[in-house]
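This report refers to the structure that appears directly beneath it.
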Amino acid sequence: MTTQFVKGSGNVFADLGLPDAEELKVKAQLVLNLEKIVKKHQLTPREVAKRCETDQSTISKVLRGKLDLVTVERLIRWHSLLNQEITIVIRDSFSRDTKTACGHVQVIVD
C-alpha cells in the first residue's frame with residue numbers, strides 16, 4: 001500500500017474548499033498573533049478584554065478559534081488597542097489572465 005501526498009496551496013481553508021478562504025486565513029493569522037501578544041506580555045483575559053473594548057467571553061472564544069465572531073477590521077483594531085504597529089502594504093501583481101488573476105493576502109509579523 002502506497003501513501004499518496006498532495007501538496008497544499010499554503011491555505012488550509014482553501015484546501016478544504018471553504019468559502020472566503022483568504023479571509024479565514026488572515027483572521028487565523030491575526031488571532032495567532034494576538035495569542036502571542038497575550039502570552040508575551042502576560043495579559044489576563046480581563047486585561048485583554050478591557051484594552052480591546054469588548055467582553056472577556058468574546059476574547060476567549062476568538063482565541064479558541066471562533067473566527068466567525070470577528071471581522072478582520074475588528075482584529076486589526078484589537079492589535080492597535082494593544083499598542084501594536086500595523087502597516088498595510090499593497091503590491092501591484094496585476095494580470096490580464098482572468099484564470100489566475102487573484103490577489104493574495106498575508107499577515108507578516110516582525
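Computed quantities for the displayed model
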item: Lone qualifier among Lys61, Lys36, Lys66 - being surrounded by 15 or more Cβ atoms within 10 Å (Cβ to Cβ) and either under 27 Å from Ala14 (Cβ atoms) or in contact (Cβ under 8 Å) with a residue 40 or more places away in the chain (or both); result: Lys61
item: Positions within the range 37-79 being under 19 Å from Val105 (Cα atoms) and polar (S, T, N, Q), in sequence order; result: Thr71
item: Qualifying residue in the range 31-42 (condition: in contact with a helix residue (DSSP H, G or I) (Cβ under 6 Å, 6 or more places away or on another chain), modelled with pLDDT of 95 or more and of a type outside the set (Val, Ile, Thr)); result: yes
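The values are calculated or read from the model by the stated rules, or taken from the named source; none is laboratory data. Everything numeric here is computed off the predicted structure, so don't read it as measured data. Virtual Cβ from ideal backbone geometry, glycine too; neighbours counted across all protein chains shown.
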